[in-house]
Amino acid sequence: MHPRRRILCGYSVFLVAVVLIFSQCSKERPRGEPSPDAPADDRRKTPVVSAVETAMPSMVDISAESTAVYKGAPAVAVRPGTRQYVLIQPLRGVKAARNGAGVVVDRQGYILTNAHVVQGLDRVTVTFPDGKTVAGEVFGMEPGEDLAVVKVNPPHPLRAIVFADSEGLMVGETVVAIGNPLGLGQSVSAGIISAAKRDIVWKNTNILQRDLIQTDIALNVGNSGGPLLNVRGELIGINLAEPTGTEGISFAIPANRAKSVYEKIRSAKAK
């Protein structure tokens, strides 16, 4: 074969190979997208579903009540049929009760929640995703940070949540909240991070909390203390379902701060 023809022939083969490679690449599905040949259930599994499946075993519902007559400050409740909050004066002889959520942070039975879920109440009940219910005790709390640790004797092997670095959050990233709204039991909501490092004054207490995570998830009473997750199912915050006078947004205590407070409570108890 003539040398020139041999070169042209080789060049043609090279071009065909390049075309085939690019053609194959163009058929590859985007990262994270299930294969069209995958089972139907797998094709429906979004990152939110995966995050919930990862974190749900670490999720708990918490109910707390007083065994004596309520002597605390007036309670805050939603006016029926509206989004307005009203003060309810405690009546003589009435006992207090609250619903909230929490997340297992240690397999030995340590659960992180909001202080306002259990503060002032002395009977705590913890319900796991499988329906098992056990008594809990308030191990310690940091009211200024609105965080508390509840201790239970594990009814079965527990799975502790994985903490993410809340300093690395991205505005606009997908987040998932799991809680116990209105005492209905484990419920899931999803949204995005709207902003980081928000300073908020709570409407019913006038207490200022700094550097909170803001999301567009509309939380309800009972979501307090539940986990805010990233799409890997890691803990990025502890949800706050307190009235702020706003609608359609919510706030969470960053995971780094929550972890620091938890470790501080454990350390203080160990001394």
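The values are calculated or read from the model by the stated rules, or taken from the named source; none is laboratory data. Everything quoted here is computed from the prediction, not taken from an experiment. Note that we place each Cβ from the backbone using ideal geometry, even for glycine, and neighbour counts take in every protein chain shown. Side chains included, ligands, DNA and RNA excluded: accessible areas come from the protein's heavy atoms. Shrake-Rupley method; radii C 1.70, N 1.55, O 1.52, S 1.80 Å.
Just give me the residues in the stretch 259-271 being in contact with a Gly (Cβ under 7 Å, 6 or more places away or on another chain) and open to solvent by less than 20 Å² (accessible area, probe 1.4 Å), in sequence order.
Passing the criteria: only Ile265.
Please verify whether the stretch 111-133 includes one or more residues that are among the aromatic types (Phe, Trp, Tyr), in a strand (DSSP E or B) and on the phi < 0 side of the Ramachandran plot.
no
Quick check on my filter: what residues within the stretch 161-187 are part of a helix (DSSP H, G or I) and either among the small types (Gly, Ala, Ser) or free of Cβ contacts under 8 Å to residues at least 12 places away in the same chain (or both)?
Ser166, Gly168, Gly183
Would you say Gln186 is under 14 Å from Asn239 (Cβ atoms) and surrounded by 13 or more Cβ atoms within 10 Å (Cβ to Cβ)?
Yes, satisfied.
Give Gly144, Gly179, Gly131 a once-over and let me know the one that is of a type outside the set (Phe, Trp, Tyr), open to solvent by less than 40 Å² (accessible area, probe 1.4 Å) and within 21 Å of Asn99 (Cα to Cα).
Result of the check over Gly144, Gly179, Gly131: Gly179.
Here is a list: Ser194, Ser224. Which entry is at pLDDT below 95 and either buried (at least 22 other Cβ atoms within 10 Å of the Cβ) or in a strand (DSSP E or B) (or both)?
Ser224
Can you name every residue in the stretch 214-243 that is among the polar types (S, T, N, Q) and farther than 23 Å from Ala64 by Cα?
Residues satisfying the conditions are Gln214, Thr215, Asn230.
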